[in-house]
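Structure first, then comments.
The values are calculated or read from the model by the stated rules, or taken from the named source; none is laboratory data. Everything numeric here is computed off the predicted structure, so don't read it as measured data. Cβ atoms come from the backbone with ideal geometry, glycine included; neighbour counts cover every protein chain shown.
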Amino acid sequence: MRTAAIFLTFSAALFAAAESPLADRVGDTGFVQLQVESFASLPPREQVVAYWLTQAAIAIDPINYDQNSPWGLRQKRLIESVLRHPRGVDPRVLGKVTDFAKLFWANRGNHNETTAQKFLPGFTYEELKAAVQPAQRAEVEALRQSLFDAGFEPTITAKSPRGGRDILESSANNFYSGVSLADLKGFTERYPLNSRLVKEPSGKLVEQVWRAGTPDGKVPAGRYAAYLRKANEYLERARAAAEPGQAAAIAALIRYYQTGEFNDWLAFDAAWVKTNPRVDFINGFIEVYRDARAAKGTSQAFVSVTDEKMNALMLKLAANAQYFEDHAPWAAQYKKQGVQPPLAKACETIVETGDFHVTTVGDNLPNENQIREKYGSKSFLLTGSSRVLRQANGDGPLEEFAASPEEIAIVKKYGEEASDLMTALHEIIGHGSGKLSPRLSGGAEPYLKEYFSTLEEARADLMALWNVSDPRLRQLGLVSSPDVARAMYYNAVRTVITQLFRNPHGDTLEEDHQRNRQLIVNYIMDRTHAIRKVERNGKTYLALEDPAKFKEGAGMLLSELMRIKAEGDYAGIKALVDRYGVRFDPKLRDQVVARYAKLDIPSYWAGINADLTAKFDAAGRVTAVAVSYPRDYVKQQLGYAAMYGVE
């Protein structure tokens, strides 16, 4: 489970740099350059591991485009062909195609990854047809509706479609073909995490498994075989250079990509979670946010280097995981004993691909409950992402949307500390906490369906909001002042208004992190009156009136969410999320959008990865690895596509 950035704003002077991380901008999307300062301190062997793991991360990147839309890969290849062959293209049109390509890559398709809503190109059908090679004009026609019709497949994931429509049929993603929820009654999937489910003309449901197949042919190749085989080639090179524990984990991942079997995925989880190398990674079909049914995992990867300067925070929290479990506000039967402290680390990412974005500032994995309970989990605080987002945002949004001068002063002083602690508590104490009812074998996800991810993100956020004022944090030296808690509360309250500007259309939230934040604040405002809506000079603010009542409300909701998860109470979570987390006032959203427009700050963010370049000897062995920061998103993405020899 991941923590998405909530775009808190603090003094940029704290992160002064010679060059702004904002390297490019297209409309309301900013492109920031990720840096990995810790890479230079790695010994040569670990740099080699990082290089091959990075190549494996790039290898699986195309998969996510196909998962997000049945048209995604074809659209990608068509748009990229214009940029690879620009000669003769009208410069004005080429500029429009370039801008669209940047947004397309940033979102892994033409649906915004935050709002789930479709966006259209700035060029016309006729302009695109004139820009491509003659042999590709038929493809432009074939993709016309998917590219230019706003009403065609408008939402990538529709968890609350209007008119009671089916959530699978209303979603534009490519996890299902011709399948409705009703079709799944009585059907048991063998590969729920890593397959596309297709309804044949006869009415039979078929799983198209995502796997490479085994070299001996005993397990046949499946969907995405070409990408997974390429990834396995690089993973094998990484395995050969890795230390024994990590090598065993990589070998297990290779096996999983060959077979697609869930038991092989669990074997990878178990081997991976027991390692703690400085160069770490994730690579797989992992998060289920994009599936309205919360079953299918999107392809994603990152490669990271431990940020030793920030690691003390994570390690201290992890060592006290049982304390926070014991002091959670839920019933005793849901409290876990013998908590396996999560393996926690602060790190900088070298590369992020697939359904992994720069706005993710924390991650806790694996997601599989049976592995968490037996072996624990790993928590990542992604300091590189947090750093560049803070630098790029500045103080403008805080000063515009804070309800009082006191809020501005406290957040400027303690906001950075509160943000890092929020992420750490969310990932380390939040996601790994709690115990399920024995009757829920395998976890609560099948019971909670489209509401599971919202619940789990809210539960993790609430564990941070509940624990931030605990005296133990002061004793551990992790909180410098009681005002850190107040800063965290201020940020949580204010975000419910500021996140609206990333939803320029409609009146519903689809993204789980946004739903979770709105659920928390609206619930607390309704049940405790700790928060008050304020109208001043034609502007709306949310004012934190009573921090003690805010914590009381957070504890009430946290206790109820743990009960719902533990018992698999679908009706309970549906009632809460539908009441507090889904709908918003479009008039307030329009006001927020107008206020943000004056700040001239991007609404969305995309990351430009670091580039690793290797030197090879005559035998094909890597002899040296260099890191660089390209600040050129187009060149980097076309380079990634060239891995598969497109011309």
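Here is a check on your reading of the model: is VAL411 touching a Phe, Trp or Tyr at 6+ places or on another chain (Cβ under 9 Å) and over 20 Å from VAL358 (Cβ atoms)?
yes
Considering each of ALA130, ALA106, ALA101, ALA150 in turn, give the residue that is in a loop (DSSP other than H, G, I, E, B) and modelled with pLDDT of 95 or more.
Every option except ALA150 fails the conditions.
Which of (1) farther than 29 Å from LYS345 by Cα; (2) of a type outside the set (A, V, I, L, M); (3) surrounded by fewer than 23 Cβ atoms within 10 Å (Cβ to Cβ); (4) within 25 Å of the chain's Cα centre (by Cα) does GLY222 not meet, given it meets every other one?
With (1) farther than 29 Å from LYS345 by Cα; (2) of a type outside the set (A, V, I, L, M); (3) surrounded by fewer than 23 Cβ atoms within 10 Å (Cβ to Cβ); (4) within 25 Å of the chain's Cα centre (by Cα) applied to GLY222, the lone miss is (4).
Considering VAL140, VAL97, which residue is touching a Lys or Arg at 6+ places or on another chain (Cβ under 6 Å) and touching a residue at least 24 places away in the same chain (Cβ under 8 Å)?
None of the others qualify; the one that does is VAL140.
In the set LEU588, LEU561, which member is more than 30 Å from GLY27 (Cα to Cα), of a type outside the set (Phe, Trp, Tyr) and in a helix (DSSP H, G or I)?
Answer to the check: LEU561.
Which is out of contact with any helix residue (DSSP H, G or I) (no Cβ under 9 Å at 6 or more places or on another chain) and either among the acidic types (Asp, Glu) or outside the structural domain of GLU510 (by TED's automatic domain parsing) (or both), of GLU113, GLU139, GLU126?
Going through GLU113, GLU139, GLU126 in turn, just one is out of contact with any helix residue (DSSP H, G or I) (no Cβ under 9 Å at 6 or more places or on another chain) and either among the acidic types (Asp, Glu) or outside the structural domain of GLU510 (by TED's automatic domain parsing) (or both): GLU126.
Could you check how many residues of segment 225-252 are of a type in the set (A, V, I, L, M, F, W, C), loosely packed, with under 15 Cβ neighbours inside 10 Å and without any contact (Cβ under 8 Å) to a residue 40 or more places away in the chain?
Counting residues in segment 225-252 that are of a type in the set (A, V, I, L, M, F, W, C), loosely packed, with under 15 Cβ neighbours inside 10 Å and without any contact (Cβ under 8 Å) to a residue 40 or more places away in the chain gives 1.
For LYS615, state whether it is outside any helix (DSSP H, G or I) and among the charged types (D, E, K, R).
Against the criterion (outside any helix (DSSP H, G or I) and among the charged types (D, E, K, R)), LYS615 qualifies.
Any chance you could count how many residues in segment 518-535 are of a type in the set (Lys, Arg) and more than 16 Å from LYS587 (Cβ to Cβ)? I'd like the intermediate steps shown before the answer.
Taking segment 518-535 first, the residues of a type in the set (Lys, Arg) are 527, 532-533.
Still in the running and more than 16 Å from LYS587 (Cβ to Cβ): 527, 532.
Final tally of qualifying residues: 2.
So which residues in segment 143-164 are within 30 Å of ALA294 (Cβ to Cβ) and either exposed (fewer than 13 other Cβ atoms within 10 Å of the Cβ) or without any contact (Cβ under 8 Å) to a residue 40 or more places away in the chain (or both), if there are any at all?
Result: GLN145, ASP149, ALA150, GLY151, PHE152, PRO154, PRO161, ARG162, GLY163, GLY164.
What's the number of the only condition in (1) outside any loop (DSSP other than H, G, I, E, B); (2) under 18 Å from GLY607 (Cβ atoms) that ASN311 fails to meet?
Unmet for ASN311, out of (1) outside any loop (DSSP other than H, G, I, E, B); (2) under 18 Å from GLY607 (Cβ atoms): (2).
Just one of GLN117, GLN55 is in contact with a strand residue (DSSP E or B) (Cβ under 7 Å, 6 or more places away or on another chain) and surrounded by fewer than 23 Cβ atoms within 10 Å (Cβ to Cβ); which is it? First the steps, then the outcome.
On the way: GLN55 fails: in contact with a strand residue (DSSP E or B) (Cβ under 7 Å, 6 or more places away or on another chain).
Being in contact with a strand residue (DSSP E or B) (Cβ under 7 Å, 6 or more places away or on another chain) and surrounded by fewer than 23 Cβ atoms within 10 Å (Cβ to Cβ) holds for just one of GLN117, GLN55, which is GLN117.
Which of the following residues is touching a strand residue (DSSP E or B) at 6+ places or on another chain (Cβ under 8 Å), outside the structural domain of THR454 (by TED's automatic domain parsing) and surrounded by 15 or more Cβ atoms within 10 Å (Cβ to Cβ): LYS96, LYS76, LYS102?
Exactly one of LYS96, LYS76, LYS102 is touching a strand residue (DSSP E or B) at 6+ places or on another chain (Cβ under 8 Å), outside the structural domain of THR454 (by TED's automatic domain parsing) and surrounded by 15 or more Cβ atoms within 10 Å (Cβ to Cβ), namely LYS102.
Out of (1) among the hydrophobic types (A, V, I, L, M, F, W, C); (2) touching a residue at least 40 places away in the same chain (Cβ under 8 Å); (3) surrounded by 21 or more Cβ atoms within 10 Å (Cβ to Cβ), the odd one out for ALA270 is which?
(3)
Just one of the numbered conditions (1) of a type in the set (A, V, I, L, M, F, W, C); (2) closer than 25 Å to TRP52 by Cα; (3) not in a helix (DSSP H, G or I) is not true of VAL288; which one?
Evaluating VAL288 over (1) of a type in the set (A, V, I, L, M, F, W, C); (2) closer than 25 Å to TRP52 by Cα; (3) not in a helix (DSSP H, G or I) leaves (2) as the failure.
Looking at ALA249, ALA231, ALA226, ALA267, which is the one that is at pLDDT 95 or above, outside any strand (DSSP E or B), assigned by TED's automatic domain parsing to the domain that holds PRO44 and touching a strand residue (DSSP E or B) at 6+ places or on another chain (Cβ under 8 Å)?
ALA231
So THR115 fits all but one of (1) at pLDDT 95 or above; (2) not in a helix (DSSP H, G or I); what number is the exception?
For THR115, the exception is condition (1).
Under 8 Å between Cβ atoms, at least 6 apart or on separate chains: pull out the pairs that start in segment 598-616 with a residue that is free of Cβ contacts under 8 Å to residues at least 24 places away in the same chain and end on any residue that is crowded, with 23+ Cβ neighbours inside 10 Å and not in a strand (DSSP E or B).
none
Can you tell me how many residues within segment 429-448 are farther than 24 Å from ILE524 by Cα and modelled with pLDDT of 85 or more?
Of the residues in that region, 3 qualify.
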